[in-house]
Each structure stands twice: as structure tokens, then as C-alpha cells.
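The values are calculated or read from the model by the stated rules, or taken from the named source; none is laboratory data. These figures come from a predicted structure and were not determined experimentally. Every residue, glycine among them, receives a Cβ derived from its backbone with ideal geometry; neighbour counts consider all protein chains shown. Please note that ligands, DNA and RNA were not included when accessible areas were found on the heavy atoms of the full protein model with its side chains. Shrake-Rupley method; radii C 1.70, N 1.55, O 1.52, S 1.80 Å.
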Amino acid sequence: MILTVDIGNTNIVIGCFEKKELLFLERLSTHRLRTAADYMVRIHQLLSIYQLTPEQIEGSILSSVVPPLTDTLSDAVHRLTGSAPLIVGPGIRTGLNILMDHPAQVGSDLIVAAVAGMLDYSLPVIIIDMGTATTFSAVDQKKNYLGTIILPGVRTSMDSLSSATSQLPRIALEAPGRVLGKNTTESMQSGAIFGNAACIDGMIDRIEEELGQSATIVATGGLAPAVTRYCRRDIITDDDLVLKGLLYLYDMNHAS
């Protein structure tokens, strides 16, 4: 059994695979002040919920965009399983040719998702990850990682709007019944859902124009289902994409 851990700015996504089968996917809130012991206990509790034990874990892999927590979670996994996890970073085998000015600076979450997109879907592929930030990445038919777009995430931008204005409330991220809102909540929901859906459609058009061909579009992240259903483009939603990418990277590097 392989333990996979993806540390994001808002959530830590944890899963376990038995061969290619995902046994569970759970999210913990990201807290930078928690200790390795705290996270070790929380991961152990998740395993217990699914009637799994640390002794069943044969290996583990971790990606992180929160540097202060990388060592903390690595230590937690090491203490729980008895072996240190593989950490996604410079020098790890990916199968991608990363055509960026500074490849080592590309977020590990972007690389992990790109690996899964490359292996699971027809190329070229555009990957949209909707979390704290909304990111777009593109991989061409030659397995070149071509570049990235980074936008404020849906919830991030709406929370910023509410905190910066005295009369705009925090809202649930739900689509209103119409585009033109008849009250403040509807108006904000329209901007959050329909506005971001239109942004995604428009960015896909521009990326494909740069590619010179159409692409497979895959979306992942906790907020993807709430928004992509209102996009006019055909978008595949894959909530497991990053964890599958971690498993593929573990297999590539463990085999080597």
C-alpha cells in the first residue's frame, strides 16, 4: 500500500493506493503551526477510519507548496510508517520535459498533476487545478510541459472582496438562478461561479490558440465541480488527479 500526501496552502490531501486502486481520499486543513506528532496522529486516525494500519504501508510520497510544512509532514510520515517518504522536487524523474525559464521553481503540485494528465489522457492536455489559486498547465504531444497560468482562486478572490469592502458579505459558492443578480448575494454568486466559468472558457481558447490545436481539458481541485459544470467547453473533472500523479511518480522513481 502506498501513502500519498499533497500539501496545499488550504488543504492537505491524503490518500492510499493498493496497486492502482485508490482506497480513500481525505482532506485535512493546512495548519503551519501543527507539529509532526499532531499530523502523525491525524493520519493514523484517517487510516483507522478505513480499517487500515501503518504496517500495511510499503512506501510513501509527498509533494508540497508550503515549505515550512514539508519537513513536518515528512517527519510525521516517517514516524508513522518507519520510512521516509519520497519528496517531489528537483532531481525526481517525471517523464516530462519542463520548458520553463527556471524548471526547479515550478510548483510540485503543477508537475504532479501534469504527470497524471500526461499518462491518463490524450495529449495535448490542459490541466486546471482549482484551489487557493486557479492554475492552468499545458503538456503537448511530445510530453513537453509548456507553461503555466496562475489566477487567484475562486474562494480566495471572494474572501478578499468581502474583507476589503464593508457592505459585501461572505457567500456560499453556489450558482444563482440567473446571471444578472437581483440582490447582493446573487450578484456575488454570479461573479464567483459564472464569472470564473467564463474566465476558464476564455483561457482555454487562448491556450489552444497558442498550441495551434485543440486539447483534452482536465480540471481538478476542491472547487472544480462547482464551477466547471457551468463552463461551455467540454471539461473532464478528475478529483483524484494529483494523488494519481503522486502514485505514478512513486512508481517511476521506486523502479529506478
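Select from region 57-82 the residues that are of a type in the set (Asp, Glu) and open to solvent by less than 80 Å² (accessible area, probe 1.4 Å) and list them in ascending order.
The answer is 75, and nothing else.
Any idea which residue in region 11-39 is nearest to the chain's Cα centre (by Cα), counting only those that are touching a residue at least 40 places away in the same chain (Cβ under 8 Å) and more than 16 Å from residue 243 (Cβ to Cβ)?
Applying the filter and picking the extreme gives 36.
Output the number of residues of region 230-243 satisfying the condition of being part of a loop (DSSP other than H, G, I, E, B) and in contact (Cβ under 8 Å) with a residue 40 or more places away in the chain.
Number of matching residues: 5.
Let me spell it out: the conditions are (1) within 22 Å of the chain's Cα centre (by Cα); (2) at pLDDT 95 or above; (3) not aliphatic (A, V, I, L, M), and residue 239 meets all of them except one. Which number is the exception?
(2)
Take the residues in region 148-175 that are in contact (Cβ under 8 Å) with a residue 40 or more places away in the chain and in contact with a strand residue (DSSP E or B) (Cβ under 6 Å, 6 or more places away or on another chain), then tell me which one is least open to solvent (accessible area, probe 1.4 Å).
153
When only residues in region 5-56 that are basic (Lys, Arg) and closer than 19 Å to residue 86 by Cβ count, which is most open to solvent (accessible area, probe 1.4 Å)?
Filtering first and then ranking leaves 19.
Quick one: which of 52, 47, 73 is touching a helix residue (DSSP H, G or I) at 6+ places or on another chain (Cβ under 7 Å) and closer than 14 Å to residue 2 by Cβ?
47
Kindly check whether there is at least one residue in region 230-240 that is open to solvent by less than 20 Å² (accessible area, probe 1.4 Å) and β-branched (Val, Ile, Thr).
Taking every residue of region 230-240 in turn, none turns out to be open to solvent by less than 20 Å² (accessible area, probe 1.4 Å) and β-branched (Val, Ile, Thr).
Does any residue of region 185-199 turn out to be in a loop (DSSP other than H, G, I, E, B), of a type in the set (Phe, Trp, Tyr) and either out of contact with any strand residue (DSSP E or B) (no Cβ under 8 Å at 6 or more places or on another chain) or more than 30 Å from residue 13 (Cα to Cα) (or both)?
no
Exactly one of these conditions fails for residue 253: (1) closer than 25 Å to residue 60 by Cα; (2) buried (at least 22 other Cβ atoms within 10 Å of the Cβ). Give me its number.
For residue 253, the exception is condition (2).
Go through region 34-90 and report how many residues are farther than 20 Å from residue 17 by Cβ and of a type in the set (Ser, Thr, Tyr).
Final tally of qualifying residues: 3.
So residue 42 ticks every box in (1) closer than 29 Å to residue 155 by Cβ; (2) in contact (Cβ under 8 Å) with a residue 24 or more places away in the chain; (3) in a helix (DSSP H, G or I); (4) among the charged types (D, E, K, R) but one. Which box is left unticked?
It fails just one condition, (2).
Name the residue, out of 65, 112, that is closer than 22 Å to residue 221 by Cα and at pLDDT 95 or above.
112
Give the residues of region 201-221 that are touching a Ser or Thr at 6+ places or on another chain (Cβ under 9 Å), surrounded by fewer than 19 Cβ atoms within 10 Å (Cβ to Cβ) and not in a helix (DSSP H, G or I), sorted by residue number.
216, the sole residue that qualifies.
From the list 65, 41, which residue is aliphatic (A, V, I, L, M) and under 25 Å from residue 104 (Cα atoms)?
65 is the lone residue from the list that is aliphatic (A, V, I, L, M) and under 25 Å from residue 104 (Cα atoms).
Taking residue 121 as meeting all but one of (1) touching a Gly at 6+ places or on another chain (Cβ under 6 Å); (2) under 23 Å from residue 209 (Cβ atoms), write down the number of the exception.
Going through (1) touching a Gly at 6+ places or on another chain (Cβ under 6 Å); (2) under 23 Å from residue 209 (Cβ atoms) one by one, residue 121 breaks only (1).
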